[in-house]
Amino acid sequence: MPPERPIVIPGERIYLTHVQREDVPLLAGWFADLELTAYLGRFGASFSLEQEQRWFDSLAHDNQQVTFGIVVREDERLIGSISLMHIDHRHGTAELGIAIGDKRAWNQGYGTEAVRLMAEYGCFFLNLYAIRLALVEFNERGRRAYLRAGFREVGRWRGAYHLDGRRYDRVWMDITRDELDLSRIRALIGLLADDQRPAT
């Protein structure tokens with residue numbers, strides 16, 4: 001049986017939960033994969049178990065990053081991780097990063113749902129206003145997922161990536177609090193939206 005995990009942010013087909021030390025070997029296997037790291041813009045990177053352990057240990061001391069694991073409800077399978085990084089509370093901004101490491105879970109819509117849940121979490125609980133992300137131009141699967149989650153393209157750094165003698169753009173996308181429906185996450189703690197509160 002898979003280990004029981006706390007459901008931190010519930011979704012329809014997935015939920016977000018804590019990454020546990022016992023997960024590190026699984027994550028290390030994912031991030032050793034050159035295909036996955038290429039789609040993340042880390043061409044040629046293959047991370048070892050020791051590197052992933054150091055990354056996990058650093059989470060406890062990084063107050064500018066929040067990371068959750070992504071779990072499929074149906075079989076309690078950990079399929080990836082998602083983070084808000086470079087959190088700037090003064091300006092209300094952060095950068096989102098996601099990796100679906102279990103390739104059996106690719107093209108299933110799980111990434112779209114995870115991105116939406118994480119954006120709602122960031123804007124509601126961390127008081128963020130704008131969340132941005134960057135992707136490699138050829139990561140069309142990721143781009144479609146982000147668009148479905150409500151992100152939109154806001155710019156390109158032309159030719160920022162170089163692979164196999166070709167140049168690829170870095171594509172920037174973002175979403176703002178005004179573009180999110182926060183009703184689901186408000187319901188987690190029983191809050192009503194302003195227009196649902198009784199008149200006083």
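The values are calculated or read from the model by the stated rules, or taken from the named source; none is laboratory data. What you see is a predicted model; the values in this text were computed from it and never measured. Every residue, glycine among them, receives a Cβ derived from its backbone with ideal geometry; neighbour counts consider all protein chains shown. Please note that ligands, DNA and RNA were not included when accessible areas were found on the heavy atoms of the full protein model with its side chains. Shrake-Rupley method; radii C 1.70, N 1.55, O 1.52, S 1.80 Å.
Quick look at the values:
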| read-out | value |
| --- | --- |
| So Glu153, is it of a type outside the set (Phe, Trp, Tyr), within 21 Å of Thr93 (Cα to Cα) and part of a strand (DSSP E or B) | yes |
| Close pairs from segment 50-70: first more than 16 Å from Leu26 (Cβ to Cβ) and among the small types (Gly, Ala, Ser), partner at pLDDT 95 or above and surrounded by fewer than 17 Cβ atoms within 10 Å (Cβ to Cβ), Cβ under 9 Å, at least 6 apart | Ser58/Gln65 |
| Sole residue being open to solvent by 20 Å² or more (accessible area, probe 1.4 Å), touching a residue at least 24 places away in the same chain (Cβ under 8 Å), hydrophobic (A, V, I, L, M, F, W, C) and in a loop (DSSP other than H, G, I, E, B), chosen from Phe124, Phe138 | Phe138 |
| Contacts under 6 angstrom Cβ, first residue in segment 162-185 being open to solvent by less than 60 Å² (accessible area, probe 1.4 Å), partner assigned to a loop (DSSP other than H, G, I, E, B) and of a type in the set (Asp, Glu), 6 or more apart | Tyr168/Glu137; Asp169/Glu137; Val171/Glu137 |
| Residues of segment 1-42 satisfying the condition of being open to solvent by less than 60 Å² (accessible area, probe 1.4 Å), under 30 Å from Arg166 (Cβ atoms) and of a type in the set (Phe, Trp, Tyr) | Trp30, Phe31 |
| Conditions (1) surrounded by fewer than 23 Cβ atoms within 10 Å (Cβ to Cβ); (2) touching a Gly at 6+ places or on another chain (Cβ under 8 Å): number failed by Ala119 | (1) |
| Residue ID - farthest from the chain's Cα centre (by Cα), chosen from residues in segment 56-76 that are surrounded by 18 or more Cβ atoms within 10 Å (Cβ to Cβ) and not hydroxyl-bearing (Ser, Thr, Tyr) | Val72 |
| Any hit, segment 86-106, residues being open to solvent by less than 10 Å² (accessible area, probe 1.4 Å) and either in a helix (DSSP H, G or I) or touching a His at 6+ places or on another chain (Cβ under 8 Å) (or both) | yes |
| Residue identified as assigned to a helix (DSSP H, G or I), under 15 Å from the mean Cα position of the chain (by Cα) and not basic (Lys, Arg) among Leu26, Leu36 | Leu36 |
| Options Gly165, Gly122; residue that is on the phi > 0 side of the Ramachandran plot and among the small types (Gly, Ala, Ser) | Gly165 |
